[in-house]
1. Return the distance in nm (one decimal) between the two label points of a simple spin-label model at residue 70 and residue 129, each offset 7 Å from Cα along Cα→Cβ.
2. Could you put 207, 97, 51 in order, starting from the residue whose Cβ has the fewest other Cβ atoms within 10 Å?
3. Compute the helix-to-body angle for 46-56: its Cα long axis versus the longest principal axis of the chain, expressed 0 to 90° and rounded to tens.
4. Principal axes first, then extents: for the Cα atoms of the stretch 138-237, list largest minus smallest coordinate on each axis, whole Å, largest first.
5. Pairs of alpha-carbon atoms within less than 8 angstrom and 6+ residues apart define the contacts here; what relative contact order does the chain have, in percent?
6. At 20 °C and 1.002 mPa s, grab the translational diffusion coefficient of the stretch 99-194 from Stokes-Einstein with a Kirkwood Rh over Cα pairs, rounded to a whole number in µm² per second.
7. Report, to the nearest 10°, how far helix 168-178 tilts away from the longest principal axis of the Cα atoms in the chain, using its own Cα long axis and a range of 0 to 90°.
8. If you line up the Cα atoms of the stretch 15-135 on their principal axes, what length do they span on each, largest first, in Å?
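Each reported figure results from applying straightforward, stated rules to the coordinates on display, with no laboratory input. Owing to the predicted nature of the structure, the values given are computational and were not obtained by experimental measurement. Neighbour counts are summed over all protein chains in view; Cβ atoms, including those assigned to glycine, are modelled from backbone coordinates with ideal geometry.
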């Protein structure tokens, strides 16, 4: 595990944990990120990632899904039990199922191998910018809509008085739609607004998160009252 020195700046460098078992991937990403002012620590397998995470306390994790000793999805699950740190998945072309599972667990973005290191750096910046925006602008306060209470400041959701546990991205999607009741938004619009994908974002990402949200906030997810599909257009929130 090699830790490059901090850049000589008064501003604290963002920390990125790169988790991949391919030395060339680790080397290239580390060099590009360090050159752009990030502080980088590398882990070569899942077990090392879980050891490095609490010691390094990264602001973002680049996580390969195919890892020795402990696979990336299990690493992701264990980290998510303790922390909401942004995660960008590194996936191969044939790992679509794992990628969908990662998005369901709350991953912020994914990059498919082979990739451009510049693209990865751009996505890291985009996800960190989005996370910083959530911290600065927690919303307008409390939304009370039917059986749902959505608190934009504490980022808590209650249904009939009982708390509902949402991932960061699930909350962002719910708050965005609930704060604009009755308006219809396409999957592409939601993808651009909430995920800030600058390259090849997949609209099915939105579909996955809507499905997960329905499972958590609807009496009958197959016949939703709140998160309604407008066929051929997109989604709207009905109070």
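1. Result: 3.3 nm between the two label points.
2. Numbers: 207 16, 97 8, 51 13.
Fewest-to-most Cβ neighbours within 10 Å comes out as 97, 51, 207.
3. That helix lies at roughly 90 degrees to the long axis.
4. 39, 30, 21
5. Details: 381 pairs, mean separation 31.3, N = 239.
So the answer I get is 13 percent.
6. Details: Rh = 15.0 Å.
Result for D is 143 µm²/s.
7. Value to nearest ten degrees: 30.
8. So the extents along the principal axes, rounded to whole Å, are 33, 30, 27.
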